[in-house]
1. Give me the pairs: first residue in the range A:20-37 and within 14 Å of A:Met1 (Cβ to Cβ), second residue within 16 Å of RNA strand B (Cβ to nearest atom) and assigned to a loop (DSSP other than H, G, I, E, B), beta-carbon distance under 6 Å, and six or more apart or on different chains, which are they?
2. Restricting the search to the range A:505-523, which residues are within 12 Å of RNA strand B (Cβ to nearest atom), open to solvent by 50 Å² or more (accessible area, probe 1.4 Å) and in a helix (DSSP H, G or I)?
3. Suppose we filter the range A:227-254 for residues that are modelled with pLDDT under 85 and of a type in the set (Val, Ile, Thr); how many remain?
4. Does A:Leu383 meet the test of being crowded, with 16+ Cβ neighbours inside 10 Å and outside the structural domain of A:Ser304 (by TED's automatic domain parsing)?
5. Going residue by residue through the range A:272-283, is there one that turns out to be away from RNA strand B (no atom under 16 Å from the Cβ), closer than 18 Å to A:Thr209 by Cβ and among the β-branched types (Val, Ile, Thr)?
6. Residues in the range A:212-243 that are among the hydroxyl-bearing types (Ser, Thr, Tyr) and either open to solvent by 100 Å² or more (accessible area, probe 1.4 Å) or touching a residue at least 40 places away in the same chain (Cβ under 8 Å) (or both): how many?
7. Restricting to the range A:462-504, name every residue that is in a loop (DSSP other than H, G, I, E, B) and more than 8 Å from RNA strand B (Cβ to nearest atom).
8. I'd like to check something: does the range A:68-79 contain any residue that is over 19 Å from A:Glu520 (Cα atoms) and within 13 Å of RNA strand B (Cβ to nearest atom)?
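The values are calculated or read from the model by the stated rules, or taken from the named source; none is laboratory data. Everything numeric in this text was worked out from a predicted model, so none of it was measured. Every residue, glycine among them, receives a Cβ derived from its backbone with ideal geometry; neighbour counts consider all protein chains shown. Please note that ligands, DNA and RNA were not included when accessible areas were found on the heavy atoms of the full protein model with its side chains. Shrake-Rupley method; radii C 1.70, N 1.55, O 1.52, S 1.80 Å.
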Amino acid sequence: MRKLIQELITQALLDMQREGSLPKELEPEVVVERTRSIEHGDFASNVALTLAKPARRAPREIAEEIIDRLLSNKNVEKVELAGPGFINFYLTQHSLQSVITQILAQGDDYGQGYDGNGTRVQVEFVSANPTGPLHVGHGRGAAYGATLSNILEAAGYHVQREYYVNDAGRQMDILATSVWLRYLELGGTQVAFPANGYQGDYIYDVARTVRQDHGDDLRRSAQEVSDGLPEDGIGDDPEAKDQREVHIDALVLRAKQALGDEQYGVCYEAALNAMVDDIREDLARFNVVYDNWFSERELASSGSVQRALDQLREQSHLYEKDGAQWLRATEFGDEKDRVVIREDGRTTYFASDIAYFLNKVERGFDRTIYVLGADHHGYVARLRAAASGLGKDPEMLEIPLVQFAHLYRHGEKVQMSTRSGKFVTLRELREEVGTDAARFFYVMRSHDQHLDFDLDLAKSQSQDNPVYYIQYAHARVASMFRKLDDKGYSHNSAIGAAALERLTEPHENTVMRSLAQYPEVISAAARKRAPHLMAHYLRDLAQDFHSYYNAHQVLVDDEDLRNARLNLSQAVGQVLANGLKLLGVSAPDSM
RNA sequence: GCGCCCGUAGCUCAACUGGAUAGAGCAUCGGCCUUCUAAGCCGACGGUUGCAGGUUCGAGUCCUGCCGGGCGUGCCA
């Protein structure tokens, strides 16, 4: 509809240019928007206002000429000139009603668009280190990334959802070593557990599986484990902090020596597999499913990192200083140059990031979206710099930053800290408030806003809870259809379709207008990477329906009117279900 | 210090990337169940969009400077 109006205006403008009342060289961009209020019609355009200056004429005068030249269209009831020069379009009643037929015909596909035009986009999100359970911070990234992916897909993009598994590097070694130490403990070997090791109980679980599969094979004496190691650090001062790092690194090295590659690998693989399986299961229960789990190790072993660095070196974007290799990131807008190869010859994490980006490009994506936590915003400039250095358009790399979510319980902020291990896991949150509420609450706010997550509200089964409010609207529709039999009626969709002109109540018009907006919401939410628009829209649609439901009886005696209203209600149920699906929220038939 | 993000009703947030009279929910107050689910509906109250300038037909939105908050600023991952 919007495009149709755009087309009408464009035609009128071309006419004016032909007649010479508008300069020919102008190439006006015709913007048509939904109006904020029905007083201004259904759609409005501000072309006359934007043309006023270049054409050096009064906006209202231009608008009037446009209106005179508009071809009539069966969907447009009337066109009005308003305010400083807006052109307002009012749709016909028939045009409003036709959306119902369209929705019922398209069903689950209603709202799907072609904006994406098959653009290949990859959305990478969560990608938490597989060193422990996901916590509520990851939850927001998961909800945002998954919903965004769904919406992009609905808007016609070709989407791949990817989880980047950091299965290499120091943290993984510390994890593997932690598992081994717990394994020893379970076997009766007493060794002091390092302050910087992974403390969680889940480490014992992994250790137990290692014992099951390998018995005492990995057992070593306490002396062999800890003799000659530097002291662990105790306390808060910076010195103790350094001591802890030195201690844990030495311990990892000791574990590797004592166990040898194969047995160390047993701990490593057991830990990795357990963590990744756990994360995968956790996310699946959160209705978050990935198309691909990408391994950092494979990236390294395939020589991609070297290749990426070679490519940068060829372009003279690397240089040596203090024995390390640096990327000239400042040449591409970063605030400082970045190390890619350390003095000791090992590549940095950033080097892997560069290789990973290159790998994505080579896989043929037109766009790569990295969903990151706001605390990672330092990466943005540096990844862009790397992209530029590789000769790629930094624009193809998008990094929406998801702000923190704070949990509130009984009006009090829930304190969390990773250090003490006292963080709320995603699993706990899910079990407390349910997947539906959690998914909805996470994307209810714009991703660049801090989110206050009210646990009590999310749990409450009341009018205050927007999730239930929307689901209730869907259940009401289903309930009406169940009631048909009791009343001796049945739904005849054909009769309803033929009688749509009976839908003329203001409440009905409001609902139909909302329904017609759904495809536009998908389009806008995709374009702006803003899933919260969908959450807001669904709430508004539910509200319009609840309001209608209270004002008018659907199951009336009049057969034509009854079926027309049933068609309308069915359409509402369909759109609610479609929208909730994108959010990863269920659409129950009864509550 | 420097960099990025944010500041809108008492609270939590919208506002279609520059459009018309800045909108919702919560909270507060008042109404509606003998009728399709009251997990609902209807109404009232609530604003100098942090402050000061600037850009233009038009600014919550853009530019500058302040004020306040968050995060970052490792040869960590």
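1. A:Thr35/A:Gly41
2. If the condition is that a residue be within 12 Å of RNA strand B (Cβ to nearest atom), open to solvent by 50 Å² or more (accessible area, probe 1.4 Å) and in a helix (DSSP H, G or I), then A:Pro506, A:His507, A:Thr510, A:Gln517 are the ones that fit.
3. 1
4. Working: crowded, with 16+ Cβ neighbours inside 10 Å: yes; outside the structural domain of A:Ser304 (by TED's automatic domain parsing): no.
Criteria not met by A:Leu383.
5. Checking the range A:272-283: not a single residue is away from RNA strand B (no atom under 16 Å from the Cβ), closer than 18 Å to A:Thr209 by Cβ and among the β-branched types (Val, Ile, Thr).
6. Applying the first criterion (among the hydroxyl-bearing types (Ser, Thr, Tyr)) to the range A:212-243 yields A:221, A:226.
Checking which are either open to solvent by 100 Å² or more (accessible area, probe 1.4 Å) or touching a residue at least 40 places away in the same chain (Cβ under 8 Å) (or both) leaves us with none.
Going through the range A:212-243 one residue at a time, the tally reaches 0.
7. The initial filter retains those residues of the range A:462-504 that are in a loop (DSSP other than H, G, I, E, B), namely A:462-465, A:487-492, A:499, A:503-504.
Residues satisfying the conditions are A:Gly488, A:Tyr489, A:Ser490, A:His491, A:Asn492, A:Ala499, A:Leu503, A:Thr504.
8. yes
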